[in-house]
1. Kindly rank 384-395, 156-167, 479-490 from highest to lowest mean number of other beta carbons found within 10 Å of each residue.
2. Quick one: 3J(HN,Hα) in Hz for region 59-71, Karplus 6.51/-1.76/1.60 with θ = phi - 60°, rounded, Gly and Pro as x.
3. I need the calculated FRET efficiency for the pair Leu100 and Lys257, taking r as the beta carbon distance and R₀ as 35 Å, to the nearest 0.05.
4. Compute the FRET efficiency between Asn546 and Gln478 as 1/(1 + (r/R0)^6), taking r as their Cβ-Cβ distance and R0 = 22 Å, and round to the nearest 0.05.
5. Going by how many other beta carbons lie within 10 Å of each one, how would you line up Lys170, Lys525, fewest first?
6. Cα gyration tensor of region 242-580, axes a ≥ b ≥ c as square roots of the eigenvalues: rounded (a/c below 1.5), prolate (a/b > b/c) or oblate?
7. About its Cα centre, how strong a charge dipole does region 362-420 have in debye, to the nearest 20, once Lys and Arg get +1 and Asp and Glu get -1 at the Cβ?
8. Skipping prolines and chain starts, which residues have an amide H placed within reach, meaning under 5 Å, of the one on Val76, given they are 5 or more residues away or on another chain?
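We did not get these values from a lab; they are worked out from the coordinates using the rules stated. This structure is a prediction, so every number in the text was calculated from the model and none was measured. All Cβ positions, glycine included, derive from the backbone under ideal geometry; neighbour counts span all protein chains shown.
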Amino acid sequence: MNETDQRSRNRVRLLARLGFVWAALIVARLVQLQIVNNDQFLAEAKKQQTRDVDVEPPRGAVLDVQGLPLAMSLAVDSVVINPLLLPNVDTAVMFLSRILDLNPAKLCAAILEAKGQKPRPSKSSCLAEPGEPTKKPSQFMWVARKITPEQSARIRSLNLEWIQLRTEYKRLYPNGRLAAQLLGGVHEDGKGYAGVEKGMDSELSSHIGLTRVAVDSKQRGYNMEVAEPASAGESLSTTIDRRIQYVAERAIEKAVKANASNGSIIVMDPKTGQIHAIANYPTYDPNVAPRNDAEVKLRQNLAVEVPFEPGSVFKVVALAAALEAGAVTGDTMLNCGERLFGKMPGEAHGHKLGVMTVREAIARSVNGCAIKMATLAGRDRYYRTVRAFGFGSPTHVELPAETAGVVHPLPVWRQNSIAYVAVGHEMMASTLQLAQFMSTLANGGRLVRPTILKKELSAEAKFLRTGFEPNNAEPQRQVIRPETAMKVLQILESVVLQGGTGTAAKPSGYSAGGKTGSAQMVDPKTGHYLHGRYHASFMGFAPLNNPQLVVVVTLNGANQMAGALAAPVFKEVAEPALRILDIPKDLPEVTPAPKKEIDPAH
């Protein structure tokens, strides 16, 4: 073999070895790609070839007793862009800021930040600082959420592939301010922050689903599959009657504007506990998000969340306890001028204190007699009666932030605490608790649980609400005997008849009863009672023999007594509410004038 042939063979061997090494490297790389790192590269490829899109179904509606919407969700568009697909950032900022009424500088900074760049100071254009991105660029950016239909139409007309419109849902309250504190409101993220929207958030909330979209190299979708199904929120049928709600809101607004700082009204069915209306004033428009602390405070449901010293309306508890104990009857004579514990707060002026019947004492709201009735019932029995009627405990209505009120434990009572509590001081209650109390009396002494739900929740909703925890709501119980409850109602009728403190509450064509209360307010700075400023209340029912309606009115910071302020509001609400509920009248509307006797001599 000559030298030339040997060199040729050596070159072939070298090429063969190189080829073998090259092939081995290729095989090793293929093993790495196809076997060792297969899962990682498949995930990256899938990430580039698919896009996960959240599917948001609507939040459940809140309906009134007739099935009409009080709160609902409307489908609206939101604007999304892929910053990496923008052909020109300046052009994008110009279009989007004009159509969506956005600040160009802030929009420019947001887009460049999504691209992983820092904006360069410039008043005329959107420029980025030179250099590599400071962080990993994002392929997704919200530009504007829940835009108007007009803005949506203009965006669609551009027909630009780097702009997407995604469907979201905007909460709408079609009746504006009607039942605002009852309904509450929702945050931008769709979570309730007050009222029914918060108290029943788990039932109303929808379950967001996931759709997986296959995309091409330009991120354009061509196929999709449901990765996780979505489910809409449960709609709630409430007991609220918008007609009665409107009447109550108009009445409380008129009363507060004339003579008080704020106020609330509750209209309730004493048989079922269903609430026809909860009205508060001042109020707000739930369609407008709160802009400051003062507007946030307006979201507070005064009737449910804020307790106060109820004053003379609480004398009815002393009456019920004494009647149940058999210590008095409606005709029992009491010495109301006897000062058992000295002068009480808010002692009524102008009363000719002395001996009078229990009926007259309640009609005229005499403190001394109320105190005597509580002491005749006995300290322990009176305390048990107060607690049995629900005072000092939440009613468990389906609303957030409910107050339990304040009833101090019996062991911490002072010697004269029974006197203070008997006239509605040294304790606190809410308007809702007074409505529960009045309804319990009107329901034959059986405790009523207030509710705003027309029907029970579904089994699934109940599970979401309570899980495996037991229901802590107190079961219905007989607080006083039915005959005692009827005696209380009959005595309370005297309050709205001639000589009573609540004659202005008497509805035309209906028998009724109730109790006024004018509790002096406490100065938060000094801790002493103020003169001339009251919690003016009236709680009442109608008709007498078969109560179908309970109305409780509370005016805080009132400048007059309850008989002049709160009692007329009861009449203003009760009369139309009884007509709306089609409750038949049980009295003639106009009492005929007595006939004059004719003197035969003339």
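1. Going by the mean number of other Cβ atoms within 10 Å, highest first, we get 384-395, 479-490, 156-167.
2. 6, x, 7, 10, 10, 7, 5, 9, x, 8, x, 9, 8
3. Numbers: r = 40 Å, r/R0 = 1.14.
The formula returns an efficiency of 0.30 here.
4. Working: r = 19 Å, r/R0 = 0.86.
According to the calculation, E is roughly 0.70.
5. The fewest-first ordering by Cβ neighbours comes to Lys525, Lys170.
6. Rounded is the answer for region 242-580, as its axis ratio a/c remains below 1.5.
7. So the magnitude is around 400 debye.
8. Long-range HN contacts for Val76: Glu168, Tyr169, Lys170.
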